[in-house]
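Just below is one structure, and these are the notes that go with it.
Read the figures in this text as sums done on the coordinates, not as results from a lab. Since this is a predicted model, take the numbers as computed values, not measurements. In this analysis, Cβ positions are derived from the backbone assuming ideal geometry, glycine residues included, and neighbour counts consider all displayed protein chains.
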Amino acid sequence: MTAKQILVIDDDSDIRKLIQTCLEIMGGWQVLTAKSGSEGLLLAQTAQPDAILLDVMMPDMDGTVTFQKLQENPITKHIPVILLTARGRTARQGLFITLGIKGIISKPFNSQKLAAQVEAALV
């Protein structure tokens, strides 16, 4: 069985490295990373990952806009998206779920539990 592939879109390189390490070691994922929404959109289209972990707060194109663009594209709209947000406990959570977001993981996240949180969101 091939490893599941996840695309991490986050503008913070330290967070990208931490997530990549957590998911590869504890989740057995093959991790692709993108440092911006536009880079993430291109990678999602070419790599067709099994899931996307998307930061909400990014310069240029934020996570909400990136998610909308993923949804507008027939090639990427089926890919489950989990949001990574520092503002997870807000009223917007309901909005995200109605938009079709698979899950929301709040920052700062527990690196020991990240792989399990991703798996749980994708069930």
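For the reader, a short list of remarks on this structure follows.
- Lysine pair count for the range 5-122 with Cα-Cα distance under 24 Å and sequence separation of 8 or more or different chains is 14.
- Residues 105, 25, 19, sorted so that the one with the fewest Cβ neighbours within 10 Å comes first: 25, 105, 19
- Here the extension length gained between residue 30 and residue 62 equals 9.1 nm, from 0.36 nm per residue of separation less the Cα-Cα distance.
- Think of it as helices only: each DSSP H run of n ≥ 4 in the chain is worth -39500 (n - 2.57), and spread over all residues that comes to -13000 deg cm²/dmol at 222 nm.
- The chain: proportion of alpha-carbon pairs further apart than 22 angstrom, %: 25
- From the C-alpha gyration tensor of the range 1-52, square roots of 5λ in Å: 17, 15, 5
- The chain, relative contact order in percent, only Cα pairs under 8 angstrom and at least six apart counted: 24
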